[in-house]
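Encoded as structure tokens, the structure appears first; notes follow it.
The values are calculated or read from the model by the stated rules, or taken from the named source; none is laboratory data. These figures come from a predicted structure and were not determined experimentally. Cβ placement follows ideal geometry from the backbone for every residue including glycine, while neighbour counts extend to all protein chains displayed. Accessible surface is based on the protein model in full, side chains and every heavy atom, while ligands, DNA and RNA are left aside. Shrake-Rupley method; radii C 1.70, N 1.55, O 1.52, S 1.80 Å.
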Amino acid sequence: MSLLEVKNLNVIYKVERKEIRAVRNVTLNVESQDSIGIVGESGSGKSTLAMAILQLLPYNIAEATGEIIFDGIDLLKTSQDELRNIRWKDISVVFQKSMNSLSPVHKIGFQMGDIYKVHKPNSTNEEIKGRILELFKLVNLPERIYDSYPHELSGGMMQRVSIALSLIFYPRLLILDEATTALDVVTQGQILDEIMKLEEKLHLTRIMITHDVSVVASTCKKVAVMYAGYLLELGYVSDVLTRPKHPYTQGLLSSFPSLEGERKDLRGIPGSLPDLSIAHEGCIFADRCKKANNICFVKTPEMVELTKGWKVACHLMGGEDIE
Ligand SMILES: Nc1ncnc2c1ncn2[C@@H]1O[C@H](COP(=O)(O)OP(=O)(O)OP(=O)(O)O)[C@@H](O)[C@H]1O
Ligand SMILES: [Mg+2]
């Protein structure tokens, strides 16, 4: 059984008499100990998908339908009380700005201890400190941080604190949403290395949202490509990132400079994301797709499995490069 099964998930934001369809009909299975990178342009619905899984969508304006089954439980049908138990303990998240949620006036160790006590109210001070120092070791932070204030730490250290916090109850699923994007490449590389080591040790499952395809290539087993709320391609990194099938994936990859290979033009994808509040027919990418033909403007393509675990939503299933 998969650890997480997202089935036909739709998320609509209702704002100013508009309906923004931020996630559309997404179906995604995450197996235990998978590491899945979610990539796509800004505004393609990546964070909305993560927030839906965590049930942290703004409930007054967002409407989520479909199923999000975590370990046999449908999170969309779970009460807030039960969800509070699942968050942190079973599913935890690190955002780009997670570090901002710490209070500036209390020491790091004290704040982490408070969070620990929420789920373990009877724990002793000794136990709490022991656990926090153990987490520091896991993410390679010195013990003295326990008595530091947030402003005394560098961005990289703060992000390590956020990651340590996300691991405080050894969750089964860790969601990183641009968690290391703001850091320099060296620090980002170190943190991602630590996270991958932790995965081995703690049998973690990871969903990682990032703009950076090269980070997915070096740290994930699988990749999911999103565009305007739709999942367009999904599969093993070794397949999708070397022989992308969807014209959008092909365009996205050709937008990235290759470090090892020869220098290519950064062709990118002409055009921009469609307005998500306007109804459309056919494939959502058709307007920007150089290969689109008649059917693409009429019928929405379904996700079709090419080989085991490799799925593409494209009428043409073209394998060649966009020229
Ligand atoms: N709280 C909200 N209210 C209204 N619309 C929202 C809200 N949050 C997101 N959206 C809209 O939903 C769409 C998807 O946004 P989302 O933040 O999920 O994209 P993303 O892929 O995470 O982008 P980025 O890479 O920039 O973080 C966008 O059109 C965005 O404007
Ligand atoms: Mg986002």
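So, in region 263-316, of the ones that are among the basic types (Lys, Arg) and assigned to a loop (DSSP other than H, G, I, E, B), which residue ends up most open to solvent (accessible area, probe 1.4 Å)? This residue is Arg263.
Give the residues of region 239-251 that are open to solvent by 10 Å² or more (accessible area, probe 1.4 Å) and within 19 Å of the chain's Cα centre (by Cα), sorted by residue number. Leu241 - this is the single residue of region 239-251 that is open to solvent by 10 Å² or more (accessible area, probe 1.4 Å) and within 19 Å of the chain's Cα centre (by Cα). Quick check on Ser148: is it among the polar types (S, T, N, Q) and closer than 30 Å to Arg24 by Cα? No: the conditions fail for Ser148.
Hey, could you check region 86-109 for residues that are polar (S, T, N, Q) and either under 18 Å from the mean Cα position of the chain (by Cα) or open to solvent by less than 80 Å² (accessible area, probe 1.4 Å) (or both) and say which is farthest from Ser162 (Cα to Cα)?
Looking at residues that are polar (S, T, N, Q) and either under 18 Å from the mean Cα position of the chain (by Cα) or open to solvent by less than 80 Å² (accessible area, probe 1.4 Å) (or both), I get Ser103.
Just one of Ile145, Ile207 is modelled with pLDDT of 95 or more and part of a helix (DSSP H, G or I); which is it?
Ile145
No other residue among Val105, Val139, Val161, Val93 is within 16 Å of ligand 1 (Cβ to nearest atom) and hydrophobic (A, V, I, L, M, F, W, C) apart from Val93. Only one residue in Lys107, Lys89, Lys97, Lys117 is without any contact (Cβ under 8 Å) to a residue 12 or more places away in the chain and touching a helix residue (DSSP H, G or I) at 6+ places or on another chain (Cβ under 8 Å). Which one? On inspection, the qualifying residue turns out to be Lys117. Glu127 falls short on exactly one of the conditions (1) of a type outside the set (Lys, Arg); (2) part of a helix (DSSP H, G or I); (3) within 24 Å of the chain's Cα centre (by Cα), and that condition is (3).
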